[in-house]
Amino acid sequence: MKEKIWLSSPHMGGNEQNYINEAFQENWIAPLGPNVSGLENDLQKYLTQEGTGNIEVAALSSGTAALHLALILLGVERGDEVICQSMTFAASANPIAYLGATPVFIDSEEDTLNLSPAYLEEAIKDRMAKGKKPKAIIAVHLYGMPYKVDEIHSIAGKYEIPVIEDSAEALGSSYKGRKCGTFGEIAILSFNGNKIITTSGGGALVSRNEAIKKKAVFLATQARDDAPHYQHSEIGYNYRMSNICAGIGRGQMEVLDQRVQQRRSMNAFYNQLFSDFEGLTVHNEPNNNYFCNHWLTVISFDANSGKFSGEGLRKHMEKENIESRPLWKPMHMQPVFSNAPFYGRLTAENLFENGLCLPSGSNLSEEDKGRITESIQQYFK
Ligand SMILES: *Cc1c(COP(=O)(O)O)cnc(C)c1O
């Protein structure tokens, strides 16, 4: 069996181990220490641009934990409703359920595969007419592609609903020159093993408001009041990132720009490879306002692609030990969310039926690309 080609696998830069060694030498093994604040500083510097104001980052144990805290910080409680993009990873929606709130799912539009502005506004109006104004909107930059930032934030502003920007897949992407992770009331990042950079497991909460960062860190460290004994006036969580994981993150931040270039060059490779193929689309930036890190390259087959399909290609590549994966199955199609309201039509469902994510790692070699090319060309023969 040939060696496995992964969809997206960790890609170390080289310096990660040095930061971890330092942590061992100083016995900073706890979820506290110089790597945690070092990674936070690196991310703050990376995300702060002219016009953004100071960006504040809290390093946490996962992107899911960051979403959970974001919802709490925005006051979401049992019985509330929270709007969420339907086509996404379950971690975008699960924290809504942790709080006993109800997700309201919204279809995608075809330019970015993300939140449809039209259905978003329809849903807000309808939920308000039914007596409940949604408490927050979770918008996702799926596969690194920025959502329609201007449209989504203008609707959110009109109804005064805060946006949680799920930027788990979009570190390094930008919209009109401004980095993803800086648009939402609160944004979240993920450094899980398959993301564009990784801390093995980890995430971050991002905000322009220092008080929000402080409150996030407070909640993430068991909500301990200022007292010599352990005193608590609020329910807390154990959500802080460890100093070891943060060391990996510091090394990864040194190569982030390189990783973005490498993923983008994988996307260029697929655009070239499929340039002669009819009956399928490689998803690209709709126009120059969008800069996508191309965390994963996505293709979708036309409805009339005959005997060819995403699932057919996936199975074909699997035989060659090449991993590809269907797009995220929309949340409104998931058994666990079958009772949640949904606004939209069939865009997300069709993308799920006809799409495929191709191996997109920054560490794929020329030989890997050769195997991928051969396998794909063979499928269409
Ligand atoms: C990975 C991911 C998350 C969750 O991040 P974890 O660090 O794995 O908890 C949330 N949303 C999206 C869109 C993701 O891809």
- Charge dipole (the chain, unit charges on Cβ, about Cα centre) - positive-most of I96, S174, L47: I96
- Could you name the lysines whose alpha carbon sits less than 19 Å from that of K158, not counting residues in the same chain fewer than 8 places away? K125, K130, K132, K133, K135, K148
- Kindly list the residues of segment 240-259 that lie in the label zone of T221, defined by a backbone N under 14 Å from the point 7 Å along the Cα-to-C-beta vector. 240-243
- Task: First compute the accessible area of the chain with a 1.4 Å probe, then give the percent of it belonging to carbon and sulfur atoms.
- Result: 47 percent
- Note on the structure: Here D for segment 16-255, in µm²/s, from Stokes-Einstein with a Kirkwood Rh over Cα pairs at 25 °C and 0.890 mPa s, works out to 135 µm²/s
- Per-peptide average of other Cβ atoms within 10 Å, ordering 88-94, 146-152 highest first: 146-152, 88-94
- Query: Averaged per residue, what accessible surface does segment 16-255 expose to a 1.4 Å probe, in Å²?
  - Reply: 39 Å²
- Residue span D150 to N289: 0.36 nm per residue of separation minus Cα-Cα distance leaves a gain in nm of 49.0 nm
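The values are calculated or read from the model by the stated rules, or taken from the named source; none is laboratory data. These numbers come from a predicted model, not from an experiment. No Cβ is skipped: glycine too gets one built from the backbone with ideal geometry, and neighbour counts run over all protein chains shown. The protein model used for the area step is the full one, side chains on, heavy atoms only, and it has no ligands, DNA or RNA in it. Shrake-Rupley method; radii C 1.70, N 1.55, O 1.52, S 1.80 Å.
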